Amino acid sequence: AQSVTQLGSHVSVSEGALVLLRCNYSSSVPPYLFWYVQYPNQGLQLLLKYTTGATLVKGINGFEAEFKKSETSFHLTKPSAHMSDAAEYFCAVSDMDSNYQLIWGAGTKLIIKP
Amino acid sequence: DTGVSQNPRHKITKRGQNVTFRCDPISEHNRLYWYRQTLGQGPEFLTYFQNEAQLEKSRLLSDRFSAERPKGSFSTLEIQRTEQGDSAMYLCASRPWAGVNTEAFFGQGTRLTVV
């Protein structure tokens, strides 16, 4: 069965430092991969997605993610954290075996230290 | 395109009461999803519509929960005889029919508190 693992329920970085949020998935067929951001008491907003083609995907707010099939990973990065990046981030996978339903990770709360 | 709209944003109810939430998806989106989210967790799938047809329902969903999408546009989610364990954020999302790799667009959610 498909699953998504996000390593670290909380990640704390200093303002201006590199942000790295980890996502590993299990899928026996080519996956579609998504990162969403959720601010307090809000719905989820798409940051970026990988479908096919270039494995390095750029999204909104300066975030990017790289699909690494050999590592079954889709880690999210941003070179320099801003205070406004403080939020919860969710990784999701969708594939033919899940009937293209989104399978979600448990989320990582990003904390930005001044 | 006004996005996905959910009403109400917040609902406080007494245990045992019935509640109903509404979701208005993006108008050209055929697929509509309901999720439940509790603190520190990702969205938990509840049910899914394609147009007016309810195609999938989570096995975790008790029979106190029912959802409809009568005309293939807006949807309602009703919870009967609410319990404290029903307290959560209820999220609605829509996706267009064309393209299986399309992302879901979420509403802002309805936060339910059962007291």
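Quick notes on this structure:
- Selection count, the range B:16-27, where residues are farther than 17 Å from B:Gln108 by Cα and either in contact with a Ser or Thr (Cβ under 6 Å, 6 or more places away or on another chain) or acidic (Asp, Glu) (or both): 2
- Taken over the range A:55-69, the criterion of being hydrophobic (A, V, I, L, M, F, W, C) and more than 14 Å from chain B (Cβ to nearest Cβ) is satisfied by A:Leu56, A:Phe63.
- Hey, B:Ile12 more than 15 Å from B:Pro70 (Cα to Cα) and either touching a Gly at 6+ places or on another chain (Cβ under 7 Å) or among the hydroxyl-bearing types (Ser, Thr, Tyr) (or both) or not: no
- Among residues that are in contact (Cβ under 8 Å) with a residue 12 or more places away in the chain, within 11 Å of another protein chain (Cβ to nearest Cβ) and of a type in the set (S, T, N, Q), B:Gln108 is included.
- Hits in the range A:23-41 - residues which are buried (at least 17 other Cβ atoms within 10 Å of the Cβ) and either out of contact with any strand residue (DSSP E or B) (no Cβ under 6 Å at 6 or more places or on another chain) or more than 7 Å from chain B (Cβ to nearest Cβ) (or both): A:Cys23, A:Asn24, A:Tyr25, A:Ser27, A:Pro31, A:Leu33, A:Trp35, A:Tyr36, A:Val37, A:Gln38
- Some residue of the range B:91-102 being touching a residue at least 12 places away in the same chain (Cβ under 8 Å), farther than 16 Å from A:Gln45 by Cα and among the charged types (D, E, K, R): no
- Test: residue in the range B:65-86 that is under 14 Å from the mean Cα position of the chain (by Cα) and within 13 Å of chain A (Cβ to nearest Cβ): no
- Taking the range B:13-115 and the strands (runs of 3 or more DSSP E) fully enclosed by it, the elements with 2 or more residues that are more than 19 Å from A:Phe34 (Cβ to Cβ) and touching a strand residue (DSSP E or B) at 6+ places or on another chain (Cβ under 7 Å) are at B:19-24, B:44-50, B:53-57, B:65-68, B:75-79, B:88-95, B:110-114.
- In the range B:30-53, the residues that are farther than 30 Å from A:His10 by Cβ, of a type outside the set (A, V, I, L, M) and within 14 Å of chain A (Cβ to nearest Cβ): B:Asn30, B:Arg31, B:Thr47, B:Tyr48, B:Phe49, B:Gln50
- Members of the range A:1-42 that are part of a loop (DSSP other than H, G, I, E, B), more than 24 Å from B:Met89 (Cβ to Cβ) and not hydrophobic (A, V, I, L, M, F, W, C): A:Glu15, A:Gly16, A:Arg22, A:Ser27, A:Ser28, A:Pro30, A:Pro31
- Summed over the range A:78-114, the residues that are touching a Phe, Trp or Tyr at 6+ places or on another chain (Cβ under 7 Å), in contact (Cβ under 8 Å) with a residue 40 or more places away in the chain and of a type in the set (S, T, N, Q) give a count of 2.
- Figure legend. Inter-residue proximity from the range B:60-87: first residues on the phi > 0 side of the Ramachandran plot, second residues surrounded by 19 or more Cβ atoms within 10 Å (Cβ to Cβ), beta-carbon distance below 9 Å, spacing 6+ or different chains. Indicated pairs: B:Gly72/B:Leu32; B:Gly72/B:Phe49.
- Elements of type strands (runs of 3 or more DSSP E) in the range A:70-114, at least 1 residues being acidic (Asp, Glu) and facing another protein chain (nearest Cβ under 10 Å): A:87-94
Values quoted throughout were computed directly from the atomic coordinates according to the rules given, and no laboratory measurement underlies them. This structure is a prediction, so every number in the text was calculated from the model and none was measured. Methodologically, a virtual Cβ is constructed for each residue, glycine included, from the backbone with ideal geometry; neighbour enumeration extends over all protein chains shown.
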